[in-house]
Amino acid sequence: MVLLNLALWWFCRRSWRLGGCSSELLISNSRTSLFDAAISAGTGMALVSSPLLLGTPLAFMTPVSDSLIVLVLSAVFLPAPLQELGQAVSESAGASVEPALHQRCQNALAADFNNHGCSLVELAMIKLGRTFTVVAYVDPSVALLSSDVDRLRQRLNLQMQQLLQAPVLCEVIPTAEHPYSTVDNPG
């Protein structure tokens, strides 16, 4: 069991590296496999060493020694896999990116859009698997043709690929208002 879990850990870790170290799901699987290997090794050691407790003051623990080892290992190791599972599920559901990364991208893009006659109103980013989806809402200071918007999108795509070092899907949406502002509905 330990060897199977270690093989699974190696395979997931290798796949994660080959995929550009960008999949939270693969790294979570690799760490969970390592956790399972530790639990299996601890249980095996408890089963092998429990007869050594016979004839000692700890003999009463012999029937439950493997369970005690699993409980101790679980208490020590379980918080990290649970947190990683939560992150992996969040990523699979299309979670937004970390605030520090979002701010770094927003700062870099705001300056570039200003150089092209647009102010960055909002930058929306989510990560789904290894792919980032990025939507830049811009307020152009001059009229834009559809070909101008396409050029801005292509430029955004190149910049985000350089910043994130991951596959990206980008869109530029010209707007005069913030996309998340509330609009009074008269009715």
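Details
- Residues within the stretch 10-28 that are free of Cβ contacts under 8 Å to residues at least 40 places away in the same chain, assigned to a helix (DSSP H, G or I) and not charged (D, E, K, R), tallied: 7
- Considering the stretch 1-28, the residues that are of a type in the set (A, V, I, L, M) and surrounded by 13 or more Cβ atoms within 10 Å (Cβ to Cβ) include one that is farthest from PHE132 (Cα to Cα), namely VAL2.
- Only a single criterion out of (1) outside the structural domain of ALA166 (by TED's automatic domain parsing); (2) exposed (fewer than 12 other Cβ atoms within 10 Å of the Cβ); (3) of a type outside the set (A, V, I, L, M, F, W, C) is not satisfied by THR32, namely (2).
- Residue-level check: of (1) in a helix (DSSP H, G or I); (2) among the hydrophobic types (A, V, I, L, M, F, W, C); (3) without any contact (Cβ under 8 Å) to a residue 24 or more places away in the chain, LEU123 misses just (1).
- Candidate set: the stretch 137-186, residues that are of a type in the set (Val, Ile, Thr) and not in a loop (DSSP other than H, G, I, E, B); chosen: the one nearest to ASP112 (Cα to Cα): VAL138
- Applying the set (1) more than 30 Å from ASP139 (Cβ to Cβ); (2) part of a helix (DSSP H, G or I); (3) more than 19 Å from the chain's Cα centre (by Cα) to ASN114 leaves exactly one unmet item: (1).
The values are calculated or read from the model by the stated rules, or taken from the named source; none is laboratory data. Remember, it's a predicted structure, so these values are computed and weren't measured experimentally. Note that each Cβ is placed from the backbone with ideal geometry, even for glycine, and that neighbours are counted across all protein chains shown.
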